[in-house]
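Below: the structure, in structure tokens.
The values are calculated or read from the model by the stated rules, or taken from the named source; none is laboratory data. Treat the numbers as computed from the prediction; the structure is a model and nothing was measured. All Cβ positions, glycine included, derive from the backbone under ideal geometry; neighbour counts span all protein chains shown.
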Amino acid sequence: MGNLPAGGTRFVGRERESREATAALRRGRLLTLTGDPGVGKTRLALRIAGRAQRSFPDGVWFVELAPVRDAELLVAAVAEALEIYEASLGTRQDSARSLLELLVDHLADKRMLLILDNCEHLLDACARLANILLRAGRNLHIMTTSRQTLGVVGEQVLPVRPLPMPDPEKTPSLAAVSGSDAVRLFADRAATASRGFRVTEANQGAVLRLCHRLEGNPLAIELAAVRVRAMSVDRVLWRLDDYFGLLTEGSSTHLPPLQAPRTAIDWSSGLCSPVQRTLWRRLAVFEGGFDLDDAEAVCTGDGIATDDVLDILTDLIDMSIVVREPPDRLCRYRLPEMIREYGQEMLARSHEETRVRDRHRDHYFAMAERAMTEFMTPRQALWLSRLRREHPNLRTAADHALAAPGEDTLAVRIATDLGRYCITRGLLSEGRHWLDRALEHHRASGHARADALWVAGRLGILQGDTAAALDLLDQCQDLAELIGYPLAGRRAVQCAGLAALFEGRFADAQALMTRALESSRAADDADGQWLTLFHLSILHSALGDHEAALACAERSLAISREHGAAFSEAHALWATAIATWQLGDAAGARPLLRAALDLKHTLGDRWGMTFCLESLAWATTDADAEAAARLLGAADSMWRSIGSSVDRLHGLAESHRWCEGVLRGTLGPDRFGQAFAEGAALPLDAAVALGLGRTAHAGS
């Protein structure tokens with residue numbers, strides 16, 4: 001369990017630090033790896049975490065903080081990495097809790113290792129959060145990487161120093177040179193760059209002197225190692241010395257320090273062509289990575305043609321300035337953080353910073369706009385996946401838009417699209433963050449403001465802040481009527497109906513939802529129709545009218561399938577299954593729930609998978625009590641993994657209690673407890689397999 005990123009290049013050395021860190025995590029619960037830039041703190045943290053996984057049954061979770069520039073989004077970033085969903089079905093007491101409270105509750109009973117990577121630019125916020133979380137979770141361990149310590153009571157500090165190597169002045173043996181961590185790293189990366197490279201009697205002196213020039217800094221060594229593709233080690237060493245005006249015959253012990261890796265990056269920049277440096281500084285605008293299409297959209301013009309980007313990007317990869325992410329079905333790239341910082345400095349000194357940042361903003365705004373426009377299409381799932389991948393870049397684009405003067409309408413529109421995406425991911429606090437900033441500080445009017453108002457209202461409803469949400473929705477309806485924008489008016493009415501449902505005002509909810517549905521039909525608004533029908537199904541179930549609930553759910557499902565919208569279809573399948581089960585047809589509900597679970601698994605929707613596993617337990621109770629108990633255990637584990645509980649969700653707790661009571665009576669306390677525990681112990685994919693009927697215990 002966890003989310004450790006896949007490894008890239010082979011890890012070399014650091015055995016002593018790995019042992020010391022493991023011992024420190026046994027002694028205490030907070031460990032900070034400190035050291036100079038480029039010294040390998042993140043790689044070491046991942047190495048330690050990978051070896052420690054068995055000690056943490058609730059997982060090892062990695063939070064990359066380099067792309068998070070706003071301290072107010074720190075908690076949201078941690079919650080997102082842990083896949084904690086802020087969502088409710090209408091219980092104000094729980095939905096109104098802050099995201100920090102949800103995070104604290106989630107971690108309170110977890111035996112988990114949480115890694116906060118690159119804390120230095122959020123030092124105070126990270127220190128406060130670590131202190132709060134460690135007080136709340138007695139079995140929680142936190143490891144941070146930072147150029148500075150957090151200063152929290154109980155913090156253990158492990159300095160990550162340059163890689164060790166022998167003194168070249170003492171003419172060490174080939175075995176001593178080849179066995180040192182710094183030389184091993186150089187040899188490994190050089191062999192990747194130039195197949196067949198190895199350290200020999202002939203080149204060992206040059207390799208060792210080069211590693212000394214670079215102070216044993218891993219990033220600097222890697223930047224130098226790739227140069228053996230084009231020249232000998234002696235030549236690399238000579239070029240490095242020449243760059244700093246040093247005499248190659250001088251003793252290395254008398255050379256001034258090069259302050260690696262900054263020097264190595266500076267040297268690498270000097271070896272780049274002007275067009276390579278231009279692309280480097282433009283690529284530095286991306287947060288969290290990019291693909292070729294992104295680079296072509298943002299970085300072309302003024303000396304770089306679209307057709308040239310791939311060739312120049314390949315050159316930068318060959319120089320280790322750009323890193324290709326570990327291979328998967330997507331091809332993405334990133335700049336190592338210090339190299340990215342250097343690129344941003346180059347960008348800030350250039351005449352083109354504003355233009356490049358504007359192009360980045362416009363590219364991701366266009367992406368978000370298109371995703372929302374094509375929401376009810378067969379591309380729905382692909383767009384949601386892409387927005388999830390590009391979330392750091394979307395944040396950066398929104399922040400730039402909100403900070404720029406004279407861009408009110410654009411700022412509000414991008415905050416609105418980001419807010420809509422956050423709803424699909426259960427990131428309600430972050431969505432409110434962007435919409436609150438946009439509505440408070442920007443004077444956009446017309447369609448842009450109307451859309452922002454209903455999205456902000458929906459976020460408020462889902463968080464349980466109903467009074468503020470209804471005020472926003474009233475403003476939206478007034479504005480929509482004034483400017484003749486019926487779509488925003490429909491959405492506001494739809495959201496007001498949802499608020500009434502959550503508050504138990506069922507007559508108001510039915511009137512509002514019926515009105516929204518009729519206007520959506522008249523406008524041929526498929527997005528409005530499927531979602532309103534989905535909510536009407538829940539409403540009719542709450543009223544006990546299961547026939548009406550089934551009719552609404554089936555219509556919602558038909559619309560979703562007609563448009564090929566997988567995310568919507570999965571929701572509608574679940575609602576159809578629940579209504580079918582409530583009508584007494586458990587056998588008919590099971591295949592619907594399995595289809596929904598399969599879609600949710602494909603979409604990576606843990607919230608939806610949890611709902612489906614819970615509901616499958618209910619629907620399997622009459623067919624296979626042991627399988628149902630396992631499903632209930634699997635669902636219980638999933639509820640906890642997303643920071644929620646079935647007891648917090650209006651309308652589900654009663655069915656859960658009924659199911660558990662029947663199963664205890666059928667199996668007896670011991671057999672029920674054993675089956676429940678077996679289900680709770682299943683990892684995610686195995687739990688889904690159980691729900692899909694792909695194991696011997698899954699029932700009929």
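Computed quantities for the displayed model
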{"quantity": "Near pairs, Cβ below 6 angstrom, 6+ apart or cross-chain, from the stretch 652-677 (at negative phi) to any residue that is basic (Lys, Arg) and assigned to a helix (DSSP H, G or I)", "calculated": "672/664; 675/630"}
{"quantity": "Filter result (of a type in the set (Gly, Ala, Ser), surrounded by 20 or more Cβ atoms within 10 Å (Cβ to Cβ) and out of contact with any strand residue (DSSP E or B) (no Cβ under 8 Å at 6 or more places or on another chain)) within the stretch 5-59", "calculated": "13, 38, 40"}
{"quantity": "Subset of the stretch 137-158 (residues that are without any contact (Cβ under 8 Å) to a residue 40 or more places away in the chain and over 17 Å from residue 2 (Cβ atoms))", "calculated": "138, 151, 153"}
{"quantity": "Residue within the stretch 188-196 that is touching a strand residue (DSSP E or B) at 6+ places or on another chain (Cβ under 7 Å), modelled with pLDDT of 90 or more and outside any loop (DSSP other than H, G, I, E, B) present", "calculated": "no"}
{"quantity": "Count of the stretch 558-601 residues which are touching a helix residue (DSSP H, G or I) at 6+ places or on another chain (Cβ under 8 Å) and outside any helix (DSSP H, G or I)", "calculated": "4"}
{"quantity": "When residues of the stretch 291-305 are limited to those that are among the small types (Gly, Ala, Ser) and surrounded by 13 or more Cβ atoms within 10 Å (Cβ to Cβ), the one farthest from residue 360 (Cα to Cα)", "calculated": "301"}
{"quantity": "Residues (surrounded by fewer than 21 Cβ atoms within 10 Å (Cβ to Cβ) and among the β-branched types (Val, Ile, Thr)) located in the stretch 412-465", "calculated": "423, 424"}
{"quantity": "When residues of the stretch 306-340 are limited to those that are over 26 Å from residue 228 (Cβ atoms) and out of contact with any strand residue (DSSP E or B) (no Cβ under 8 Å at 6 or more places or on another chain), the one surrounded by the most Cβ atoms within 10 Å (Cβ to Cβ)", "calculated": "309"}
{"quantity": "Any chance residue 577 is under 21 Å from residue 659 (Cα atoms) and surrounded by fewer than 23 Cβ atoms within 10 Å (Cβ to Cβ)", "calculated": "no"}
{"quantity": "Any hit, the stretch 275-284, residues being at pLDDT 95 or above, closer than 25 Å to residue 39 by Cβ and assigned to a loop (DSSP other than H, G, I, E, B)", "calculated": "yes"}
{"quantity": "Residue 388 being of a type in the set (Lys, Arg) and modelled with pLDDT of 95 or more", "calculated": "no"}
{"quantity": "Single condition residue 154 does not satisfy, out of (1) touching a strand residue (DSSP E or B) at 6+ places or on another chain (Cβ under 6 Å); (2) small (Gly, Ala, Ser); (3) assigned to a helix (DSSP H, G or I)", "calculated": "(3)"}
{"quantity": "Residue satisfying condition, being among the small types (Gly, Ala, Ser) and over 19 Å from residue 580 (Cβ atoms), within set 608, 633", "calculated": "633"}
{"quantity": "Selection from the stretch 661-675 of residues that are surrounded by 20 or more Cβ atoms within 10 Å (Cβ to Cβ) and either under 26 Å from residue 575 (Cβ atoms) or modelled with pLDDT under 90 (or both)", "calculated": "663"}
{"quantity": "Some residue of the stretch 635-644 being free of Cβ contacts under 8 Å to residues at least 12 places away in the same chain and not in a loop (DSSP other than H, G, I, E, B)", "calculated": "no"}
{"quantity": "Residue match in the stretch 69-83 (condition: part of a strand (DSSP E or B), of a type outside the set (Gly, Ala, Ser) and under 15 Å from the mean Cα position of the chain (by Cα))", "calculated": "no"}
{"quantity": "Candidates 46, 65, filtered to the one that is of a type in the set (A, V, I, L, M) and out of contact with any helix residue (DSSP H, G or I) (no Cβ under 8 Å at 6 or more places or on another chain)", "calculated": "46"}
{"quantity": "Output for the stretch 143-162, where each listed residue is of a type in the set (A, V, I, L, M) and touching a Ser or Thr at 6+ places or on another chain (Cβ under 8 Å)", "calculated": "143, 150, 157, 158, 160"}
{"quantity": "Residue in the stretch 544-556 that is surrounded by 24 or more Cβ atoms within 10 Å (Cβ to Cβ) and more than 30 Å from residue 385 (Cβ to Cβ) present", "calculated": "yes"}
{"quantity": "Count of residues meeting criterion [surrounded by fewer than 21 Cβ atoms within 10 Å (Cβ to Cβ), of a type in the set (Gly, Ala, Ser) and more than 17 Å from residue 444 (Cα to Cα)] in the stretch 466-488", "calculated": "2"}
{"quantity": "3 or more residues farther than 30 Å from residue 532 by Cα and among the charged types (D, E, K, R): qualifying helices (runs of 4 or more DSSP H) within the stretch 292-389", "calculated": "292-299, 309-318, 337-349, 353-373"}
{"quantity": "Criterion (in contact with a helix residue (DSSP H, G or I) (Cβ under 6 Å, 6 or more places away or on another chain), part of a helix (DSSP H, G or I) and not charged (D, E, K, R)) met by exactly one of 536, 487, 531", "calculated": "536"}
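This table checks each residue for (1) buried (at least 21 other Cβ atoms within 10 Å of the Cβ); (2) over 30 Å from residue 464 (Cβ atoms); (3) modelled with pLDDT under 90; (4) under 30 Å from the mean Cα position of the chain (by Cα).
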residue	(1), (2), (3), (4)
600	yes, no, no, yes
616	yes, no, no, yes
624	no, yes, no, no
631	yes, no, no, yes
659	yes, no, no, no
677	no, yes, no, yes
694	no, yes, yes, yes
697	no, yes, yes, no
